[in-house]
Amino acid sequence: MEAAISGQPRKSKLFYRIGMILLQAMLVLFAVVQIYPLIWLAFFSLKDNSEIFSGDVLGPPKQFLWSNYTKALSDGNVLTYFINSVWVTAVTIFLVLLLSSMSAYAITRMKWRFSNATMTLILLGMMVPIHAALLPLFMVLRNLKLLNTHWALIIPYVAFGLPLAIFILASFFKGVPREMEESAVMDGCGIYRTFFFIVLPLVRPALVTVAIFTFLSSWNELMFAVTFINDTIYQTLTVGIMSMVGTYITQWGIIGAGLMISTIPTIIIYLLLNKQVQESMIAGAVKG
């Protein structure tokens, strides 16, 4: 009887170890499937057309053509496109964080008439598809003479990023205790000092969430960038890489190098803010 009882824990431990091994194997396989497209892009960017069309598309290059990156940066103007994308994205993130945080704070923490109606009106902006506003925006920007400028992209990006940002930040501001604001006012803090130094640091996860969403949407956006920008000096990476496709001859290895360069900022952000990105995403989803 004792031998049978002692044998059951051993079987359960054995099944547990087998289950853990199978789970780890599945996770490793899933990770390889998810990471391999990035590895394939790195291989693709180091090949020439003859090797790409020779049949070995998925394998490593026979000869590493690092010159593809230099040609992409110099001949393909990828460096100019990269700087434009960084500038447009950075200004967009800054304006979205500033305007959305102040708007969400005013709506949720201040008592004034039509605050709920204003919040509803702002959230209706999330229902407007980007393609529906393409033609009206083009006419407005043309009348304001903002086409072929960085502001032709920054203004629409900020406008379309504000509703979601305000929705996320408003839910976080509602959870901040009012006693902290009252104590700050009693200590002599004004409204702006209370907002920037007391309340805003408490919603840092929400700010990170908004910054991530804004970065991904503006960095990868193509429709507005193609329509509103025709001058090469102001084009972003998405449009610039698309324009590298030639009419008769296309150097696909150089285009792959440009795509790899455009992917580097996202990889760096993930490596530097791995835990913070995951926590902010979860926090934003729960609060929303």
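The values are calculated or read from the model by the stated rules, or taken from the named source; none is laboratory data. What you see is a predicted model; the values in this text were computed from it and never measured. Cβ: placed from backbone, ideal geometry, glycine included. Neighbour counts: every protein chain shown. Areas reflect the complete protein model, heavy atoms only, side chains present, ligands, DNA and RNA absent. Shrake-Rupley method; radii C 1.70, N 1.55, O 1.52, S 1.80 Å.
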Legend entry - Criterion violated by Val91 - all others in (1) over 30 Å from Ile168 (Cα atoms); (2) at pLDDT 95 or above satisfied: (1)
Inset, instruction - Give the number of residues within segment 216-237 that are within 17 Å of Ser74 (Cα to Cα) and either in a helix (DSSP H, G or I) or free of Cβ contacts under 8 Å to residues at least 24 places away in the same chain (or both). - result: 4
Inset, instruction - Within segment 29-57, work out how many residues are under 24 Å from Tyr270 (Cβ atoms) and either out of contact with any helix residue (DSSP H, G or I) (no Cβ under 9 Å at 6 or more places or on another chain) or not polar (S, T, N, Q) (or both). - result: 17
Inset, instruction - Take the residues in segment 162-179 that are small (Gly, Ala, Ser) and in a helix (DSSP H, G or I), then tell me which one is farthest from Leu123 (Cα to Cα). - result: Ser171
Inset, instruction - Tell me, yes or no, whether segment 180-199 has at least one residue that is open to solvent by 70 Å² or more (accessible area, probe 1.4 Å), outside any helix (DSSP H, G or I), farther than 22 Å from Asn230 by Cα and without any contact (Cβ under 8 Å) to a residue 12 or more places away in the chain. - result: yes
Inset, instruction - Select the helices (runs of 4 or more DSSP H) contained entirely in segment 21-138, then report the ones holding at least 3 residues which are hydrophobic (A, V, I, L, M, F, W, C) and open to solvent by 90 Å² or more (accessible area, probe 1.4 Å). - result: 78-109
Inset, instruction - State the number of residues belonging to segment 228-243 that are polar (S, T, N, Q) and under 21 Å from the mean Cα position of the chain (by Cα). - result: 3
Inset, instruction - Provide a single number: the residues in segment 91-115 that are under 20 Å from Glu181 (Cβ atoms) and without any contact (Cβ under 8 Å) to a residue 40 or more places away in the chain. - result: 6
